[in-house]
Amino acid sequence: MPHDRFSRAIPYVAYAVIAFWYCAPLFASPHGLGILDWDQHLFYYASVLKPIVEYGQLPFWNPWYCAGNVLWQNPQIPLLSPALPLAAITSLPLAMKINIALHYWVGLAGMHLLLVRGIGMREPLAAMALSMIAVCSGAMAMHLAVGHSVFLPVLYLPFQLYGLVQAIRTGAMRYVVGASVPLALMTLNGALHAVPMSVAGVGIVSVVAAAALRRVRPIVVGLLVGLLGCAFSAPKLLPVAAFVTSDRFNDARTVIEHPDAMSAEMVLRTYLDRYQNRGLKFDGQRSGWYEYGNYIGGAAVCGMLAGVVLAFAVPGARDRWLGIALATTAVVFLLLSAGEFGPLAPASLARYVPLFSSFRIPSRYTFGVSLFGIAVLGWAWRVASGEGTPRRVVTVVVLTVAWGAALDVASQTREQLRGVFGEAPFTTRFRPGAGTSAPPAMDLTRNAYAPGSPMLHGLFENIDFWGSYESLQLARTAAPDAPFISVDGDGRVSDVRFSPNRVEFSLIAGRSTTGVRLNQNAAPGWSSTLGAVHPSPGGMSVAVAPGTAGRFAFSFTPPGLYAGVGIAALALAAAAFLRHRIIPDV
């Protein structure tokens, strides 16, 4: 028994070595800052760390850019990333690089678990090769090359698919819970770009499996996975929903020109071109090539196509329902990724569906093509090998081809990671309790899009970056040239004590009704011990009666937080109670 456990652990140890080898180009400058969008995304992580470490507060409000913006409620803010505790012992850039390698290991381990235990492949070396192709395909590397760390939780999808398959097969609630956790982690870690892929994958597999098995259980499983995933992430999900649906929300993202579709040449280059780079450009291309590239190689493409054909063409195959479900999902993702090539194209119809309508660039669905395509290839491999043992020469030839394809994909796509963190080293770290009580100084001059990570440096310098790089922000009500706290008329404010979520001050009101202003963008969730807070020119204000005097405060709590915590607590209790239950096979 100990020997068996040791043997089963070997692939996961090997995956750790593969993950850090693959990510080695990122460590060429261990503390180096990143190019392009890495300033924005490292700034996100630092914005979570600063209030926790320096002020002992939860990361509710970010006063260091946009003249004040929501933090907890920002859909792209990570709250549970491994990079956050890692940054307590090393620099944030190095913590991020370790975090990336850890995510690759999670993706590889999850894919292996799916192929070996979920799908039933009996050749660990073959499963390892296929796992490398799926996880080291070009899409993730392309996005990381430009700083899109929000896509890292896409690598949780193999674990989710494993739990879903096992839940459909056995009905065990523990697998339902296991499949719902990755969905919750995506939301909690600011990966709402990955959530539509997760929901689409779970939904399609569940519906097709129900049709193939002629059972209701797959539908029940799919619904429970989505329900529990949302409930577990409710402490962030509800505040995010309150933010993006409020009248204070300003969507400053670049407008995408429609139709956004991939030509046949683009589709072929996406999966087959070994020498892709971010500068590729084709007629009709709406975004940079990093939104399209996903090299997996000709051998993998042929294998995936063969798997799809086998799933639909072999009626007596074992677990055919699984092959059909995986093949259908892979094809749907391929059609989605091709974009709005017609009025009835899946991506065109998705623009009218809540959640999917916010997934603005259809080519990002290529993540799902490689994941589900390799999964159906794994299923076909198991079916083709039959119940007996293939001849050794066949096994050797097939494994040689598989490993040649895997090493080709990994060696080519990791080239996208070279030079990504080639800017000046940054080793400054937050110190516990070191937060200043002075409000941030407003910076009106620096360009957030300039090299050198100006936003990250500004955060450490206690600077509010007026010209910030932020797509999802509050409508501007703050004034760039006004004091952080001010009072109308002959009233007087003194002894201002700043912290991110709470600003205390002493007030002596004037002889007439007085308006006290907080020079931050107005948002639901702000309150004051003086009374009701209202948006006003120059930020937010509260009216006070003549002669009012004393010590007062403005404070911020994300709307929906407490309700979300309550829902998550109930969901956790329900999951613990139902963990050993079985969903009937009806």
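The values are calculated or read from the model by the stated rules, or taken from the named source; none is laboratory data. Everything quoted here is computed from the prediction, not taken from an experiment. Methodologically, a virtual Cβ is constructed for each residue, glycine included, from the backbone with ideal geometry; neighbour enumeration extends over all protein chains shown.
Descriptive notes on the structure:
- Restricting attention to region 504-563 and to residues that are hydroxyl-bearing (Ser, Thr, Tyr) and not in a strand (DSSP E or B), the residue that is farthest from Ala234 (Cα to Cα) turns out to be Ser512.
- Figure legend. Inter-residue proximity from region 241-258: first residues in the same structural domain as Val70 (by TED's automatic domain parsing), second residues of a type in the set (Val, Ile, Thr) and buried (at least 16 other Cβ atoms within 10 Å of the Cβ), beta-carbon distance below 7 Å, spacing 6+ or different chains. Indicated pairs: Phe243/Val70; Ile256/Ile361.
- Residues being closer than 22 Å to Trp72 by Cβ and surrounded by fewer than 24 Cβ atoms within 10 Å (Cβ to Cβ) - total across region 196-218: 1
- Checking each residue in region 170-187 for being touching a helix residue (DSSP H, G or I) at 6+ places or on another chain (Cβ under 8 Å), more than 20 Å from Ser81 (Cα to Cα) and not hydrophobic (A, V, I, L, M, F, W, C) picks out Gly171, Tyr175.
- Residue list for region 442-459, restricted to those being assigned to a loop (DSSP other than H, G, I, E, B) and in contact with a Leu (Cβ under 7 Å, 6 or more places away or on another chain): Ser453
- Looking across region 309-323, the residues that are of a type outside the set (Lys, Arg), within 17 Å of Ala167 (Cα to Cα) and part of a helix (DSSP H, G or I) come down to Trp321, Leu322, Gly323.
- Test: residue in region 6-20 that is assigned to a loop (DSSP other than H, G, I, E, B) and touching a residue at least 12 places away in the same chain (Cβ under 8 Å): no
- Residue match in region 399-415 (condition: touching a Ser or Thr at 6+ places or on another chain (Cβ under 7 Å) and of a type outside the set (A, V, I, L, M)): yes
- Of everything in region 162-183 that is surrounded by fewer than 23 Cβ atoms within 10 Å (Cβ to Cβ) and of a type in the set (A, V, I, L, M, F, W, C), the residue that is nearest to Ala231 (Cα to Cα) is Val181.
- Filtering region 216-237 to residues that are β-branched (Val, Ile, Thr) and part of a helix (DSSP H, G or I) leaves Ile219, Val220, Val221, Val225.
- Residues in region 409-441 that are part of a loop (DSSP other than H, G, I, E, B) and under 30 Å from Ala129 (Cβ atoms): Arg418, Gly419, Val420, Phe421.
- Of the residues making up region 469-491, at least one is under 30 Å from Met540 (Cβ atoms) and aromatic (Phe, Trp, Tyr).
- Scope region 529-542; condition free of Cβ contacts under 8 Å to residues at least 40 places away in the same chain, buried (at least 17 other Cβ atoms within 10 Å of the Cβ) and either more than 18 Å from Asp490 (Cα to Cα) or among the aromatic types (Phe, Trp, Tyr) (or both); matching residues: Val533
- Taking the numbered list (1) loosely packed, with under 14 Cβ neighbours inside 10 Å; (2) touching a residue at least 12 places away in the same chain (Cβ under 8 Å) in turn, Ala573 passes all entries but (2).
- Within region 401-448, tally of residues that are in contact with a Lys or Arg (Cβ under 9 Å, 6 or more places away or on another chain), more than 30 Å from Thr270 (Cβ to Cβ) and buried (at least 16 other Cβ atoms within 10 Å of the Cβ): 2
- Residues within region 543-570 that are surrounded by fewer than 20 Cβ atoms within 10 Å (Cβ to Cβ), among the small types (Gly, Ala, Ser) and at pLDDT 95 or above, tallied: 5
A quick yes/no check of all residues on (1) at pLDDT 95 or above; (2) under 29 Å from Thr254 (Cα atoms):
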residue: Arg286; (1), (2): no, yes
residue: Tyr290; (1), (2): no, yes
residue: Ile296; (1), (2): yes, no
residue: Ala317; (1), (2): no, no
residue: Ala327; (1), (2): yes, no
residue: Pro346; (1), (2): no, yes
residue: Tyr352; (1), (2): no, yes
residue: Val376; (1), (2): yes, no
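- Residue in region 178-190 that is touching a residue at least 24 places away in the same chain (Cβ under 8 Å), in contact with a Pro (Cβ under 7 Å, 6 or more places away or on another chain) and not in a helix (DSSP H, G or I) present: yes
- Matching residues, region 429-455, being among the hydrophobic types (A, V, I, L, M, F, W, C), in contact with a strand residue (DSSP E or B) (Cβ under 8 Å, 6 or more places away or on another chain) and in contact (Cβ under 8 Å) with a residue 24 or more places away in the chain: Ala438, Met442, Ala448, Met455
- Just one residue in the set Gly419, Gly467 is closer than 30 Å to Ala139 by Cβ and small (Gly, Ala, Ser); that residue is Gly419.
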